[in-house]
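Notes to accompany the following structure.
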Amino acid sequence: MAIRAWTWVVLLLLALLPSCRAAEAPSPQPSADPELAVDDGLRTGYHFQPPKHWINDPNGVMYYKGVYHLFYQYNPKGAVWGNIVWAHAVSTDLVDWIMLPPAIYPTAPFDVNGCWSGSATVLPDGTPVIMYTGIDGENRQVQNVAYPKDLSDPYLREWVKPDYNPVIAPGPGMNATAFRDPTTAWQGPDGLWRLVIGTKDNHRGLAVLYRSRDFKRWAPAKRALHSGDTGMWECPDFYPVTTSPAVGSGGGGSGNGTKHVLKVSLDLTRFEYYTFGEYDHATDTYVPDAALADGNDGLRYDYGNFYASKTFLDTAKQRRVLWGWANESDSATADIRKGWAGVQAIPRKVWLSSDGKQLVQWPVAEIESLRGAHANVTDTLVAGGSHFEVTGLASAAQADVEASFQVMDLDKAEPFDPAWRGADAQTVCAARGADARGGVGPFGLWALASDEHGERTAVFFRVFKGGDGGKHVVLMCNDPSMSSHADDLYKPTFAGFVDVDIAQTGGKIALRTLVRKIRCLINHVIFVIDLCPDDCPYSRMRVQIDHSVVESFGAHGKTCILSRVYPTKAVGDKARLYVFNNGESDVKVTHLNAYEMRSAKITSDAVEPTKR
Ligand code: DQQ
């Protein structure tokens, strides 16, 4: 009962989270001091990025004939957004990638001004079809289809756009410059295909539904699938989930333990939220579960820098896989200088938590094939106000770290300030950052730390007492305020409340961090944090560190935070990893496993399309 009550408290707190501007950073002025300039050594080693230029949204992700396909928004001419085409990469394991020539690029009146985001659908006969947004000659947003030229080519290098495009154009009274990003289509028992497109009506975001018998002629449904007073809805995604990480074909409506997820990306605030609930095929109605906040206070895949995400059904491994874009947090000037911008987060498996209250995410297991040298810490006390270095790794710039902590004296937890009730986790964490001494916590990891730890990105927990119902409140935070000596960066503290009753776990908290080496200028770190007793199936916090990326998965994969950081000293072999405890209560590191991560292999395929 106690755990159940706590879950409701945390859900309420999550529901109160305010918006945060994660995906797009402001453009600070470049530093005048060349010593502080961002370095190309911050490119990621195992987070996907092409060799150069700008990328944004993942598009058309799918599995076809033994090959994973990742398309993405790409500027072939530079490191800022523009000239957008669908770049294309393929992989057999979601780790190593072969870069192919762009698959879809402006060629016709229906996409002459750009090929924007969209999705792939694999038809019942195995034929993949892409539906994407074209920007036509009048700058209207229209939806076009493209089919593979050669179905026997597992790489699907060339795509053909039928002359009958566009297949969906904005109807009378619709906002023609806000009508984009079609979802993967699904087929109802009546044989009709359905898909959803993002749009807005004044300030109201809408997921509008279209139906088709032949994928060519599409008709709008009378009612939108869903809407919200949150401005333009970009990149909608709609799919079934169950509490089992293994999924079936994804067809059918809700019921029998299946829920449908609707995720939208909010153009105004640049973060995403999702609901899930019942979807009825017969009436094409979607009703989110009543307990879920719908709108700016909704549940989020990620409380950090993660946007324009898209899932696909991996039929090879019977799982649903989530891709998301992590924008830079440096300036456009810095991006132009370094020649690249944007990375994709690690592909994450996604499913419904066993309590049915939210989604759970975890990096796909294939990423662990990159693990190399290993350091281990067991049953080590970290006194309040102390820290120690995790030694034994040649570099901690590119790593995968898991750690489990035990709080020795929960009574030392500070009272939760009543003024924070109703506040979001980010506000609380910004007020009580990694360097503000606490009662229980802040404790956790300093990732991408320089040897004098003048530069460091803190991934940590902080525990308060006196939350709703007298329970403890647990926060997980990424604090990049000390991450770089450069002063031209966007360095928000990102945070989420963690759905765990720490008093019931004997004060135990587990954390896993992956650190990964990056060759270029951005510091990518991934953190995964999990608060759970040792016998909990997901009792670990995991943090993936990748030069300019810190990507965290905590609380059974319920609370995830991705930050972009740009160290100037904690780079390459100089990047270190520390455990710190800035609270009054001692904590014990019960287990810590840190792995160096090898780089993914990125190769290019020289074969050019025969026809452009
Ligand atoms: N990015 C695309 C749009 C989409 C936006 C353009 C989301 O289709 O709405 O590059 O980041």
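The values are calculated or read from the model by the stated rules, or taken from the named source; none is laboratory data. This one's a predicted model, so the numbers in the text were calculated from it and none came from an experiment. We place every Cβ from the backbone using ideal geometry, glycine too, and count neighbours over all the protein chains shown. Note: areas computed on protein heavy atoms with side chains; ligands, DNA, RNA excluded. Shrake-Rupley method; radii C 1.70, N 1.55, O 1.52, S 1.80 Å.
Structure above, values below:
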{"read-out": "Condition check for residue 134: open to solvent by less than 40 Å² (accessible area, probe 1.4 Å), of a type in the set (Gly, Ala, Ser), farther than 25 Å from residue 280 by Cα and at pLDDT 95 or above", "value": "yes"}
{"read-out": "Residue 167 open to solvent by 60 Å² or more (accessible area, probe 1.4 Å) and at pLDDT 95 or above", "value": "no"}
{"read-out": "The stretch 391-430: number of residues that are among the aliphatic types (A, V, I, L, M), surrounded by fewer than 24 Cβ atoms within 10 Å (Cβ to Cβ) and more than 30 Å from residue 367 (Cα to Cα)", "value": "6"}
{"read-out": "Selection count, the stretch 57-80, where residues are under 20 Å from the mean Cα position of the chain (by Cα), more than 16 Å from the ligand (Cβ to nearest atom) and not aliphatic (A, V, I, L, M)", "value": "3"}
{"read-out": "Candidates 345, 375, 326, filtered to the one that is assigned by TED's automatic domain parsing to the domain that holds residue 446, of a type in the set (A, V, I, L, M), within 30 Å of residue 441 (Cα to Cα) and in contact with a strand residue (DSSP E or B) (Cβ under 7 Å, 6 or more places away or on another chain)", "value": "375"}
{"read-out": "Residue selected from the stretch 170-194 under the condition of a type outside the set (S, T, N, Q) and outside any loop (DSSP other than H, G, I, E, B), by the criterion surrounded by the fewest Cβ atoms within 10 Å (Cβ to Cβ)", "value": "193"}
{"read-out": "Qualifying strands (runs of 3 or more DSSP E) (wholly inside the stretch 249-329; at least 1 residues being closer than 18 Å to residue 62 by Cα, more than 16 Å from the ligand (Cβ to nearest atom) and of a type in the set (Phe, Trp, Tyr))", "value": "307-314"}
{"read-out": "Filtered residues of the stretch 195-224 (kept if open to solvent by less than 40 Å² (accessible area, probe 1.4 Å), closer than 17 Å to residue 130 by Cβ, away from the ligand (no atom under 16 Å from the Cβ) and not hydroxyl-bearing (Ser, Thr, Tyr))", "value": "215, 218"}
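Table: residues versus (1) within 13 Å of the ligand (Cβ to nearest atom); (2) over 23 Å from residue 324 (Cβ atoms); (3) touching a strand residue (DSSP E or B) at 6+ places or on another chain (Cβ under 7 Å).
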| position | (1), (2), (3) |
| --- | --- |
| 82 | yes, no, yes |
| 86 | yes, no, yes |
| 92 | no, no, yes |
| 95 | no, no, no |
| 108 | no, yes, no |
| 112 | no, yes, no |
| 117 | yes, no, yes |
| 123 | no, yes, yes |
| 130 | no, no, yes |
